[in-house]
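The values are calculated or read from the model by the stated rules, or taken from the named source; none is laboratory data. All of these numbers come straight from a predicted model, not from anything done at the bench. Using ideal geometry, Cβ is built from the backbone for each residue, glycine included, and neighbour counts are taken over all protein chains shown.
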Amino acid sequence: MVKEMLTGNYAAAWGARLSEVDYVPAFPITPQTEIIETLSQWINDGEMNAKFTNMDSEHSMITAAGTAAATGARVFSATSSQGLLYGYEMLYNVTGWRVPLVLVNVSRGLSAPITLEPDHNDILSTRDSGFIQIHAETCQEVLDTILMAYRIAEDERVLLPVLINMDGFYLSFTREPVEIPCKDAVSRFLPEYNPKHAFFKASKPMSQGVAVLGGSAYSYFKYQMHLASLNVLTVHDEVAGEFKRIFGRSYSATEAFKIDDAEYVIIMSNSFTIKGKAAVNKFREKGLKAGLLRLRLIRPFPSTELKAFLRGKKAVAVIDQNISPGSGGILFKDVTTALYHDPDRPERILSFIGGLGGKDIGHAEFKHIVEEMEKSIETGIVPETQLLYTKNDLEHINNLLNIAGNPLEGLEN
Amino acid sequence: MKTASRIVGTASFLEEFFVQDCPLYGAERRGAPMVAFTRLSKEPIFERGIITSPDINMIADETLLGDKSANVFQGTWEGTITIVNTHYPASHVRNVYGVVGEIVTLDITEIALNVIGESVLSSTAAAVVCKLTGMITESSLEKAVIKELSSINLKKELIEKNLQAALTCFDRIPETHPHYFEPIKEDKMDEIVKLEYADPRIGTPSVYAKGNTRLKKTGNWRLFRPVIDHEKCSRCRTCFVYCPHSCISIDEGDYPQIDYENCKGCLTCFYECPKKVISKDHEVRAW
């Protein structure tokens, strides 16, 4: 075991290397490229015994990943944003084939307008594909989650692929100290993949992912995927328990931060969570009982766990780093659905959208969220979904709009 | 600058600090301003991404000082130590730009050119910052330079030269200023505003202003200025043909003239001139 300064991308490459993957189909895209560059270098240098193929697109890449996994190979790949969307059609195929590969998504806001910094519309657009989704907060968690993901995906109770999300820039290009586990410990945790269900033998012909005509067959297989996904709620905790036993680090489906006596709870996901934790610490210094929940396992959605954490709280605010135009925040719906039937649910659940395209969520934003929660308790009025956008942001965009030229004469920006 | 931030990061890591380092860049091209950050702390770091109120602000390219879009003094406060890579004295930079907080100057480009032979600034910039922290030893800097430059496959001789340049800079920077240890001020409080629906011509990402690329002068990207010796020029027009940015025009006397407002200093003309009558001058007064 060594501790090194690693970027999230490099940590992801280490996760794949330590998992002793057999095959890496790849296609580069900013901010993911460093992952596959690193893997191709290691494979070229003989430090990793795997086959690397640079494909012609993400569509081919995900197809290659799924088909290779169907033959019993352990497969790793990575993409981001537009790339994930370009391969979108095949995501639903590989989940339907029930193949246990691991795909890392490096979050980046979707075009248009084109950008490079993160939000979660890319990864959350795949939430109904059947992929298991785990969202990471730190570079260490990226590495650790890859090791755990193979255990989860390859479990006979699951056999679904896993998508692991890390934020572009905030994790992908950020270095921080990461513990690289030793090979022996990883071998104990993650044994070689010897699937009973998937094989490619001349003596044993089979067809996988066959066509079905008629809704009863289709419904049967689709619902099996749903049940397999729900099994992850149990499997994840078992795997996390064993991970803790071997490596000493503990991961739960939902991470609770200062939640026990909290009256006001902020719900976040991914790398910006650390900003929320800092805000909670600041509020606590001022005597406000604040806490935070980080949604880590997004699919399946850990409703029961969430309910238990939030029982009896005064107010909850969900910060969605995504936007469903015409509807609001995506995860807010999952949270409210989970809580609706609980008799002791929080009094108020507020919805905020922040951090789109990597926009900072600063102290002014968190202060506003807490004030809105307090106000809502006092007045009984729950506000509509709000965008976390500040006076400075508005000044900034107005400057840009002026440079871009205002086609409306006489209209002050 | 990415490598510089990594050298500072690794040196801090070796000093057993909690550390984060990260670069931030948009469109990647030669001369594009870029920024990189390093955080070090004795406690776990409860922050991520850009640093909005730096304790140390290193400006490696002095031509960015007056560039409004680069805005290199953004977020500096009374406690910030600003270090500018320039041959000007600190007082001059302070007078011209009204810098808040402490200011230090050192011409690290000159040191890099003298010691390394190239204007590569990662080790020298990192050395300056390491010294200003007052918390990083020379030995950790040394190890960090070797580790980071080895990881990008630099040859041993070049790493040696970088190390020498870095240690020169480390020595040239005075001991750190006590202001650094004062607690950071509370962020200026911003407030949340409600966005209203805008006319679609405003509310869509479109640019209406025409021909504004011309307004962005690229002459300050230049590290070396090509100078044509018109006495010896044969008027062959080779430089005019090869200039990749169309910055060379032919005057009435049939002589090539360089548009210094926009010449990026790529030196294609310098290398292509068949009579070798184009020389290169190191730009030391870019502003």
- Item | Complete set of residues in segment A:360-389 that are more than 7 Å from every other protein chain (Cβ to nearest Cβ) and aromatic (Phe, Trp, Tyr) | A:366
- Message: If I go through segment A:194-220 residue by residue, how many of them are of a type in the set (Val, Ile, Thr) and under 31 Å from the mean Cα position of the chain (by Cα)?
- Response: 1
- Message: With in contact with a Gly (Cβ under 9 Å, 6 or more places away or on another chain), surrounded by fewer than 20 Cβ atoms within 10 Å (Cβ to Cβ) and either in a strand (DSSP E or B) or of a type in the set (Asp, Glu) (or both) as the only criterion, which of B:118, B:78 stands out?
- Response: B:78
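With respect to residue A:366, determine if the residue is buried (at least 20 other Cβ atoms within 10 Å of the Cβ), more than 20 Å from the chain's Cα centre (by Cα), among the aromatic types (Phe, Trp, Tyr) and closer than 17 Å to residue A:291 by Cβ. Walk me through it before giving the result.
Values: buried (at least 20 other Cβ atoms within 10 Å of the Cβ): yes; more than 20 Å from the chain's Cα centre (by Cα): yes; among the aromatic types (Phe, Trp, Tyr): yes; closer than 17 Å to residue A:291 by Cβ: yes.
Spelling it out, residue A:366 is indeed buried (at least 20 other Cβ atoms within 10 Å of the Cβ), more than 20 Å from the chain's Cα centre (by Cα), among the aromatic types (Phe, Trp, Tyr) and closer than 17 Å to residue A:291 by Cβ.
Confirm whether residue A:357 is within 30 Å of residue B:212 (Cα to Cα), within 13 Å of chain B (Cβ to nearest Cβ), modelled with pLDDT of 95 or more and surrounded by fewer than 20 Cβ atoms within 10 Å (Cβ to Cβ).
Working: within 30 Å of residue B:212 (Cα to Cα): yes; within 13 Å of chain B (Cβ to nearest Cβ): yes; modelled with pLDDT of 95 or more: yes; surrounded by fewer than 20 Cβ atoms within 10 Å (Cβ to Cβ): yes.
Yes; evaluated as a whole, the condition is true for this residue.
Being assigned to a strand (DSSP E or B) and free of Cβ contacts under 8 Å to residues at least 40 places away in the same chain, is that true of even one residue in segment A:184-194? If you could, list the steps in order and put the result at the bottom.
From segment A:184-194, those assigned to a strand (DSSP E or B) are none; that's our starting set.
Looking for residues that are assigned to a strand (DSSP E or B) and free of Cβ contacts under 8 Å to residues at least 40 places away in the same chain, one finds none in segment A:184-194, hence no.
Please determine whether any residue of segment A:275-283 is without any contact (Cβ under 8 Å) to a residue 24 or more places away in the chain, within 30 Å of residue B:52 (Cβ to Cβ), polar (S, T, N, Q) and in the same structural domain as residue A:372 (by TED's automatic domain parsing).
The initial filter retains those residues of segment A:275-283 that are without any contact (Cβ under 8 Å) to a residue 24 or more places away in the chain, namely A:277-278, A:280-281.
After this cut, where a residue has to be within 30 Å of residue B:52 (Cβ to Cβ) as well, the list is A:277-278, A:280-281.
Cutting the leftovers down to polar (S, T, N, Q) gives us A:281.
Now narrow it down to the ones that are in the same structural domain as residue A:372 (by TED's automatic domain parsing): A:281.
Looking through segment A:275-283, at least one residue is without any contact (Cβ under 8 Å) to a residue 24 or more places away in the chain, within 30 Å of residue B:52 (Cβ to Cβ), polar (S, T, N, Q) and in the same structural domain as residue A:372 (by TED's automatic domain parsing).
Which strands (runs of 3 or more DSSP E) sit wholly inside segment A:204-308 and have at least 2 residues that are under 18 Å from residue A:158 (Cβ atoms)?
Numbers: elements: A:254-257, A:264-269, A:290-295, A:297-299.
Counting at least 2 such residues, we get A:297-299.
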- All-but-one check, residue B:101 against (1) crowded, with 19+ Cβ neighbours inside 10 Å; (2) at negative phi, failing number (2)
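Is it the case that segment A:309-330 has a residue that's of a type in the set (Val, Ile, Thr), under 26 Å from the mean Cα position of the chain (by Cα), within 14 Å of another protein chain (Cβ to nearest Cβ) and in a strand (DSSP E or B)? Give the derivation first.
Of segment A:309-330, the ones of a type in the set (Val, Ile, Thr) are A:316, A:318-319, A:323, A:330.
Checking which are under 26 Å from the mean Cα position of the chain (by Cα) leaves us with A:316, A:318-319, A:323, A:330.
Retained after the next criterion (residues that are within 14 Å of another protein chain (Cβ to nearest Cβ)): A:319, A:323.
The next check asks that each one be in a strand (DSSP E or B); those that pass are A:319.
There is at least one residue in segment A:309-330 that is of a type in the set (Val, Ile, Thr), under 26 Å from the mean Cα position of the chain (by Cα), within 14 Å of another protein chain (Cβ to nearest Cβ) and in a strand (DSSP E or B).
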- Message: Which of the numbered conditions does residue A:236 fail, given that it passes all the others? Conditions: (1) surrounded by 22 or more Cβ atoms within 10 Å (Cβ to Cβ); (2) out of contact with any Gly (no Cβ under 7 Å at 6 or more places or on another chain); (3) in the same structural domain as residue A:307 (by TED's automatic domain parsing).
- Response: (3)
- Complete set of residues in segment A:390-407 that are within 7 Å of another protein chain (Cβ to nearest Cβ), in a helix (DSSP H, G or I) and under 12 Å from residue B:191 (Cβ atoms): A:391, A:392, A:394
- Among the candidates A:167, A:144, A:119, which residue alone is within 14 Å of another protein chain (Cβ to nearest Cβ), touching a residue at least 60 places away in the same chain (Cβ under 8 Å), among the charged types (D, E, K, R) and farther than 19 Å from residue B:39 by Cβ? A:119
- Message: Among the residues that make up segment B:10-25, is at least one of them in the same structural domain as residue B:132 (by TED's automatic domain parsing) and touching a Gly at 6+ places or on another chain (Cβ under 7 Å)?
- Response: yes
- Query: Which of (1) crowded, with 18+ Cβ neighbours inside 10 Å; (2) within 24 Å of residue A:389 (Cβ to Cβ) is the odd one out, the single condition residue A:346 does not satisfy?
  - Reply: (2)
